[in-house]
Amino acid sequence: MSVATFLTRTKGGADSASRIGLQDVLAYGYLVVGVLVILIPVLWTLFSSIKSEIAVDSFDTRILPMTQVVTETADRGERPVWIYTAPDGSEQLVVKAGPTRKITDVAALDDPDTVFQVPKETLTPHEEMRVAVENYLDPILKRNGQETFNFFTYLWNSVFVTVAATLVTLLINAMAAFALSKYRFKGRLTFTILIVATLLIPASIILVSLFFVVWSFGIFGSLWGVIIPAAATPTGVFLLRQYMLTIPDELLEAARMDAASEWRIFWRIVIPLSLPALSVLAILSVIWRWNDFLWPLIVLISDPSKHTLQLGLTQFAGEFNSDFHYILAMTVVTLIPITLVFVWLQRFITTGIATTGLK
């Protein structure tokens, strides 16, 4: 091998290695950006939920939960502590002895009876880092005026609606997908197209019609009025149908030759083979039902004892005042169950989606 050929091959290998290294850097860069875009709102909610009410209401953008120190005074009750910076640079802990003005009356902590005046620009809050656990404990334990927030009732309603709706959704969608994928009848393709076409219809358009249907069946104001109307989903039917098309028809024909009924074929053959797609649909259904707000608000508005967690959060938002620290804390609590379910079943998402519609 000549020297020129060796140098050419060496250069080509180095260029190839540099391209691979650049691709890795870009891939990790895209991954980091994507993760940050997804997690930043969640992390902001988490860190804000452990801040004090004053810090949340003042839109404190710092990550750490910093809270102004409060001390008990003999004549004025609890008062916030401030740091007074004298002209010589010395600092002193003080409390305000009057309203905040350009020249403010203050008193030192070690000598509360002596009041002196300082410019308000020389006062800065005396802060410490403190996790506001009361944001979580007050609504859950019904403390500090939160007696009307029935956390465990709302939690049970949310769990019941989510579990029952998911089971009904899986059953109905699987039966519809089985009929559309394994039976040959006139109009099968038309029915499939119509089901998929309903994805183009916004949910808000059918709310009035759906309301009258629920009212006519006598389930308005009950949890079943939330569960039943959302049982059949076009997304679930299409997903399961595409997956069931990959199941060989020979298996079903062999079962029929063995005198198996259609119901037994469905339960003993189709359902077990469709578990990856059913897992994907279960995850999606849990997310949909747990986070649903508009339809439960319409159906359950008249009975607070039937409210879900999402509806319960509206108690903290009043006409003139909103307890944002409680809203943030309870929002984090509502994220915990859905996160655990997703982490537990997330391995089925890629498997189910990747194999859907593939031979």
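The values are calculated or read from the model by the stated rules, or taken from the named source; none is laboratory data. Note that the structure is predicted; figures quoted are calculated from it, not measured. Cβ: placed from backbone, ideal geometry, glycine included. Neighbour counts: every protein chain shown. Protein only, heavy atoms only, side chains kept; ligands, DNA and RNA dropped before computing areas. Shrake-Rupley method; radii C 1.70, N 1.55, O 1.52, S 1.80 Å.
Any idea which residue in region 335-359 is least open to solvent (accessible area, probe 1.4 Å), counting only those that are of a type in the set (A, V, I, L, M, F, W, C) and modelled with pLDDT of 85 or more?
Taking region 335-359 and keeping what is of a type in the set (A, V, I, L, M, F, W, C), we get 335-336, 338, 340-345, 348-349, 353-354, 358.
Now drop any that are not modelled with pLDDT of 85 or more, which leaves 335-336.
Details: Leu335: 63, Ile336: 89 Å².
By that ranking, first place goes to Leu335.
Being out of contact with any Leu (no Cβ under 6 Å at 6 or more places or on another chain), under 30 Å from Ala254 (Cβ atoms), open to solvent by less than 30 Å² (accessible area, probe 1.4 Å) and at pLDDT below 90 is the requirement here; does Leu189 meet it? Spell out how you get there, then give the answer.
Working: out of contact with any Leu (no Cβ under 6 Å at 6 or more places or on another chain): yes; under 30 Å from Ala254 (Cβ atoms): yes; open to solvent by less than 30 Å² (accessible area, probe 1.4 Å): no; at pLDDT below 90: yes.
In short, no.
Could you name every one of the helices (runs of 4 or more DSSP H) located completely within region 174-290 that has at least 2 residues being in contact (Cβ under 8 Å) with a residue 24 or more places away in the chain and under 24 Å from the mean Cα position of the chain (by Cα)?
On the way: elements: 188-197, 207-216, 224-227, 234-244, 249-257, 262-265.
The helices (runs of 4 or more DSSP H) meeting that bar are 224-227, 234-244.
Among the candidates Leu200, Leu180, Leu170, Leu239, single out the residue that is open to solvent by 50 Å² or more (accessible area, probe 1.4 Å) and farther than 14 Å from Val299 by Cβ.
On inspection, the qualifying residue turns out to be Leu200.
Can you tell me which residue within region 41-68, out of those that are of a type outside the set (Val, Ile, Thr) and part of a loop (DSSP other than H, G, I, E, B), is nearest to the chain's Cα centre (by Cα)?
Out of the qualifying residues, it is Lys51.
Suppose we filter Ile83, Ile20, Ile38, Ile54 for residues that are surrounded by 12 or more Cβ atoms within 10 Å (Cβ to Cβ) and modelled with pLDDT under 85; which single one remains?
After applying the criteria, what remains is Ile54.
Give the residue that is farthest from the chain's Cα centre (by Cα), with candidates limited to residues of region 98-119 that are outside any strand (DSSP E or B) and either among the acidic types (Asp, Glu) or over 17 Å from Gln68 (Cβ atoms) (or both).
Step by step, filter region 98-119, then rank; the result is Asp110.
Scan (1) closer than 18 Å to Thr104 by Cβ; (2) touching a residue at least 60 places away in the same chain (Cβ under 8 Å) for the single condition Thr73 breaks and write down its number.
All conditions pass for Thr73, except number (2).
For Val332, state whether it is among the β-branched types (Val, Ile, Thr), modelled with pLDDT of 85 or more, within 26 Å of Val237 (Cβ to Cβ) and open to solvent by less than 30 Å² (accessible area, probe 1.4 Å).
Numbers: among the β-branched types (Val, Ile, Thr): yes; modelled with pLDDT of 85 or more: yes; within 26 Å of Val237 (Cβ to Cβ): no; open to solvent by less than 30 Å² (accessible area, probe 1.4 Å): yes.
No; evaluated as a whole, the condition is false for this residue.
On the given criteria, is Arg9 modelled with pLDDT under 85, open to solvent by 80 Å² or more (accessible area, probe 1.4 Å) and not in a loop (DSSP other than H, G, I, E, B)?
So Arg9 passes the test.
Listed here are the residues, each with its yes/no results for (1) touching a Phe, Trp or Tyr at 6+ places or on another chain (Cβ under 6 Å); (2) under 24 Å from Ile228 (Cα atoms).
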{"residue": "Asp249", "(1), (2)": "no, no"}
{"residue": "Ala254", "(1), (2)": "no, no"}
{"residue": "Ala259", "(1), (2)": "no, no"}
{"residue": "Trp263", "(1), (2)": "no, yes"}
{"residue": "Pro272", "(1), (2)": "no, no"}
{"residue": "Leu278", "(1), (2)": "no, yes"}
{"residue": "Asn291", "(1), (2)": "no, yes"}
{"residue": "Leu309", "(1), (2)": "yes, yes"}
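Being in a strand (DSSP E or B) and open to solvent by 50 Å² or more (accessible area, probe 1.4 Å), is that true of even one residue in region 147-161?
Scanning region 147-161, I find no residue that is in a strand (DSSP E or B) and open to solvent by 50 Å² or more (accessible area, probe 1.4 Å), so the answer is no.
Out of all the residues in region 292-299, is one or more open to solvent by less than 60 Å² (accessible area, probe 1.4 Å) and part of a loop (DSSP other than H, G, I, E, B)?
Yes, the conditions are met somewhere in region 292-299.
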